Amino acid sequence: MIETAAAGSAPADAPVLVLVDHHDAGVRAPVLELLTVARGLGVVHAVWFGDGVEGALEQLGAYGVATVHQVTVGDGTAPLPPSAAEALAEVLVASGATTVLVSSTFENKEVAARLALVADAGLVVDASGVEREADGRVVTVQQAFASTWTVRAEVRAGRAVVALKANAAPAEPVEAPRTPHVLRHEVTLASDHGVRVVERTPRAASDRPELGEAQVVVVGGRGTEGDFSVVEELADALGGAVGATRVATDEGWIGHEAQIGQTGVTISPRLYIGAGVSGAVHHRGGMQASGTIVAVNNDPEAPIFEIADLGIVGDLFTVLPQATAEIRRLAAER
Amino acid sequence: MKIVVCVKHVPDLQAERRFTDDGRVDRGQGDGTLNELDENAVEAAVALVEAHGGEVVVLTMGPEDAEDAVRRGLQMGADTAVHVLDAAIEGSDAFGTAEVLAAAVRAIGAEGPVDLVVTGMASLDGLMSVVPSLLSAHLGLPQATLAAELTVDPEARTVRVRRELDHATEVLEASLPAVVSVTDQANEPRYPSFKGIMAARKKPVVTWTLADLGVDPSDVGEAGARTRVLEATPRPPREDRVLITDDGDAGLRLAAYLVENRLV
Ligand SMILES: Cc1cc2nc3c(=O)[nH]c(=O)nc-3n(C[C@H](O)[C@H](O)[C@H](O)COP(=O)(O)OP(=O)(O)OC[C@H]3O[C@@H](n4cnc5c(N)ncnc54)[C@H](O)[C@@H]3O)c2cc1C
Ligand SMILES: Cc1cc2nc3c(=O)[nH]c(=O)nc-3n(C[C@H](O)[C@H](O)[C@H](O)COP(=O)(O)OP(=O)(O)OC[C@H]3O[C@@H](n4cnc5c(N)ncnc54)[C@H](O)[C@@H]3O)c2cc1C
């Protein structure tokens, strides 16, 4: 257990740690949103696990990062959440930070929870906003019960760990970028926490935007009867991602990673289009926070129409291709 | 094998869920159920014991009504049940919850070592998906969470989990005892049979208080919570909703709507 910070005691210049999710091609998009939000909370320190930080320094600087903590855990392979949390706790102490932001993925939520446990910090996950009050307290906003309620909460503990949902805020670079200062940390762990990775298969990157980060998502349900081509074509015309209901993923029509909902991915794009989707409560849980909801369903009684900004009673196999062609025609005209 | 399954009693997803004026989940409407995702956890545990022998203990923490959740677990084939019931628990955050559950697992372990703790992937009210990891930290046991597939090797004393993450598929192996969480992909939960329901009536539900577990009440509940809800408000319904029926031009109207709302 690391020393407890007194409630509301955060010095105004205490750094804010932001965990940087990255892959071969660089920083993942939600991180830029986190960095933008973090600038409103304090001096931004990024935490980067593993190698390759050099290629990202310029971008991190452009988003206002003052210092990057480059952390190598053990042999340098990506640590599992218990090890990542242990290493982050070391950086937390070394940096004097009182607030930590991560993006709200399943793994990061576990990292956040275990870090908060040892740091005596309050934890908020799936937040859509976070601010610091004049007296130093961290206040968050979350959507609850399938986004039918908005909850504002305050962190009472002296430290706060917050997992922010993707698309919580627009990413904006700073006006005067600078090159961050890099601090290296080599962390040796007492144990491997009793678990090892036997196999790890990265998912092939798709040409479409990532589901959780996309501004436009077109979703196919049982109504597609397994033919996702019209859904994909509309998504491509809009530069969006393709999602699915659990029925569609269970049927094997599309990979499980495309599942939107309570037990799949939670999305809040600017535009959600559901085709042949009934709008079951489990599905709504993952999409009801979307900006604009459009539904195409041939059953006028389908529950999804209760939450659709634009509902179209019709056959998806005629409505979608017509819309796709029109969107392409308009784009060509411009 | 001795397996403890953590099950939560949550407001029914299909009912209207709400917060009370002081920012708590309204649990007083009598339409709570066993968290659906914990049915996958019970199923996984019961199936493992059917395959390898042993016993399943279902564990819940929550108000009086929460007994329904463990009852359902007993009907599905668990052998015994523990209900941690104490007024001081009300208003617990994730840390209070994990501390109490960990203390209960230790107490269950005192009557014979526990090999595996199984949880659901999330509770359908809080949806945090952090309790399993916190439990693992409290108990000092390995964690293998979000299992879409789960196998135990009783000889080697290991558990193997296949999980699908946002960007990768992983196979993890942990040594027993361990904490695992299972997803809704892991299995198809059984419906309790008539026999199961009758048998469950005779199965014991033990009730423990914080004092029984040696947990300091100021650590948990409202008193120990590290976060506090300031305000919970229902979101206003979406305005200006339009429903049209396709007369042959709905695709064109969809495109026009997107243009008009600057979504393309
Ligand atoms: C524990 C648990 C967790 C779950 N988690 C999730 C989750 O995370 N995500 C999720 O999506 N589901 C989840 N589900 C499943 C969920 O309850 C629903 O069964 C599922 O969302 C329904 O998928 P659907 O809308 O594709 O199918 P259906 O409900 O069968 O709806 C198909 C719709 O397509 C319409 N349709 C048919 N043909 C056409 C056509 N030609 N043109 C236009 N419309 C047409 C029909 O009118 C109907 O409304 C979960 C269930 C459980 C029990
Ligand atoms: C809308 C909402 C938002 C919340 N936000 C926060 C927050 O930001 N920070 C915070 O610290 N707390 C928060 N809470 C409180 C938190 O949800 C509860 O403390 C809860 O007990 C733990 O989180 P969870 O229910 O989301 O569990 P999860 O981590 O989602 O649960 C996973 C599994 O753990 C087991 N489990 C969880 N609770 C119990 C139980 N009581 N008895 C038996 N098994 C259990 C089940 O197997 C379950 O499937 C929130 C609650 C709600 C309703």
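Bear in mind these aren't lab numbers, they're just calculated from the coordinates by the rules spelled out. Everything quoted here is computed from the prediction, not taken from an experiment. All Cβ positions, even for glycine, are placed from backbone atoms using ideal geometry, and neighbour counts span all protein chains on display.
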From the C-alpha coordinates alone, can you work out the Kirkwood hydrodynamic radius of the range A:216-333, in Å?
13.8
Calculated SAXS-style log₁₀ I(q)/I(0) at q = 0.11, 0.12 Å⁻¹ - chain A, Debye, Cα scatterers:
-0.77, -0.89
May I ask what percent, to the nearest 5, of DSSP beta bridges between residues of the protein assembly as shown are antiparallel?
35
Along the charge dipole of chain A, Cβ charges K/R +1 and D/E -1, which of A:Ser206, A:Val277, A:Tyr63 sits furthest on the positive end?
A:Tyr63
Volume of the Cα convex hull of the range B:2-224, divided per residue and given in Å³
125
Average other protein chain Cβ within 10 Å of Cβ, residues B:117-125:
2
In Hz, Karplus ³J(HN,Hα) per residue of the range B:155-164 (6.51, -1.76, 1.60; θ = phi - 60°; x = Gly, Pro):
5, 6, 6, 9, 10, 10, 10, 9, 9, 10
Taking Cα atoms, the helix A:106-119 axis meets the longest principal axis of chain A at an angle in degrees (rounded to 10) of 30
Antiparallel DSSP beta bridges within chain B, as percent of all bridges there, nearest 5:
40
Over what distance in Å are the Cα centres of the range B:229-246 and the range B:92-159 separated?
38
In 10 Å bins starting at 0, how do the alpha-carbon pair distances of the protein assembly as shown split up by percent?
3, 17, 26, 27, 18, 7, 1, 0
Go through B:Ala137, B:Ala15, A:Gln215 and say which Cα lies farthest out towards the positive end of the charge dipole of the protein assembly as shown; charges sit on Cβ, +1 for Lys and Arg, -1 for Asp and Glu.
B:Ala137
Counting Lys and Arg as +1 and Asp and Glu as -1, what is the net charge of the other residues whose Cβ lies under 11 Å from the Cβ of A:Gly74?
-4
Ratio to report: Rg/Rh of the range A:124-164, with Cα atoms as the point set and Rh obtained by the Kirkwood method; give two decimals.
0.98
Where does each of A:Thr266, B:Thr158 land when they are ranked from fewest to most other beta-carbon atoms within 10 angstrom?
B:Thr158, A:Thr266
Would you compute, from DSSP H runs of 4+ residues alone, the mean residue ellipticity of chain A at 222 nm, taking -39500 (n - 2.57) per run and dividing by the full residue count, rounded to the nearest 500?
-7000 deg cm²/dmol
With charges set only on the Cβ (+1 for Lys and Arg, -1 for Asp and Glu), what does the dipole of the protein assembly as shown come to about its Cα centre, in debye to the nearest 20?
460
Would you order A:Glu133, A:Glu107 from fewest to most other beta-carbon atoms within 10 Å of each residue's own beta-carbon?
A:Glu133, A:Glu107
Work out the charge dipole of the protein assembly as shown with +1 on the Cβ of Lys and Arg and -1 on the Cβ of Asp and Glu about the Cα centre, then indicate which of A:Ser128, A:Ser147, B:Leu258 is farthest towards its positive end.
A:Ser128
Just counting partner chain Cβ atoms within 10 Å, what average do the residues of peptide B:109-116 show around their Cβ?
0
Pairs of alpha-carbon atoms within less than 8 angstrom and 6+ residues apart define the contacts here; what relative contact order does the range A:245-323 have, in percent?
24
Quick numbers on the range A:16-187, Rg and Dmax over C-alpha atoms in Å, give 15.0, 45
Any chance you could run the full-extension gain for B:Ala256 through B:Arg241? It's 0.36 nm times the residue separation minus the Cα-Cα distance, nm to one decimal.
3.9 nm
Final fewest-first order of B:His52, B:His138 on the 10 Å Cβ neighbour count is B:His52, B:His138
Give, as a single signed number, the net charge of other residues whose beta carbon lies under 9 Å from the beta carbon of B:Asp166, with Lys and Arg counted +1 and Asp and Glu -1.
-3
Relative contact order (percent) for the range A:56-214, with alpha-carbon contacts under 8 angstrom and 6 or more residues of separation?
35
